[in-house]
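Take a look at the structure set out below.
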C-alpha cells in the first residue's frame, strides 16, 4: 500500500509540473530574447496598475520593449503598445484617434517620432505579434548596418504601417 501511495504521489507531482502554464512564468531565456530590456531600461508612458502592459494584448512591455510604440489619444491619454501590430489594431479596429506616435529606437532605447524613424522590416530577429520583424532606428546608417547584419529592408513609418496592416489582416 505504501508503494502505491508513493507512486500515486510521484505521478501526481509529475502531472502537476507537466501541466503548469509556463507562459505566465518569467521565461528563463528572457535575457536571450532580442526585444527584452530590464524594467529599469524601459520608458513607460502609461499611468496606473497595468502601466507595464500593452493596452491591446496585455503583453509585458519591457519583455518586448525594442518593438514598443507609444501614442496619445486626442483626449491626452497616453498609451503604450508592444508592437506596431497593436498600434494598427488600436487605430484601425478600435478606431482610436492616435496622435504623437513614437517608437523605441533599438539602439538608444529612447522614444523617437515614428516619422523620423528608419524601420528595418523582415530581419532575422524575432518579430513581436508578427512573423515579420519591425525594428526602428533614429539614424539611417544604424538601420542599414542592422539590415546588413540581420537582413530586412529599411523603410519609413508609413510603409512599415502598410506592411503591418497586411500582416494583421491576411
- Message: Here's a check for you: in the stretch 73-90, which residue that is surrounded by fewer than 17 Cβ atoms within 10 Å (Cβ to Cβ) and touching a residue at least 12 places away in the same chain (Cβ under 8 Å) is farthest from residue 111 (Cα to Cα)?
- Response: 74
- Item | Of residues in the stretch 91-116 being under 18 Å from the mean Cα position of the chain (by Cα) and in a strand (DSSP E or B), the one nearest to residue 77 (Cα to Cα) | 101
- Item | Subset of the stretch 29-72 that is part of a strand (DSSP E or B) and over 11 Å from the mean Cα position of the chain (by Cα) - its residue that is farthest from residue 108 (Cα to Cα) | 72
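Is it fair to say residue 147 is crowded, with 23+ Cβ neighbours inside 10 Å and either over 15 Å from the mean Cα position of the chain (by Cα) or part of a loop (DSSP other than H, G, I, E, B) (or both)?
no
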- Message: Quick check on the stretch 117-133. Is at least one of its residues farther than 26 Å from residue 32 by Cβ and part of a loop (DSSP other than H, G, I, E, B)?
- Response: no
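Readers should treat all values here as calculations from the given coordinates under stated rules, not as data from a laboratory. Note that the structure is a prediction, hence the values are computed from the model and not measured. Here the Cβ is made from the backbone with ideal geometry for all residues, glycine too, and neighbour counts use every protein chain on show.
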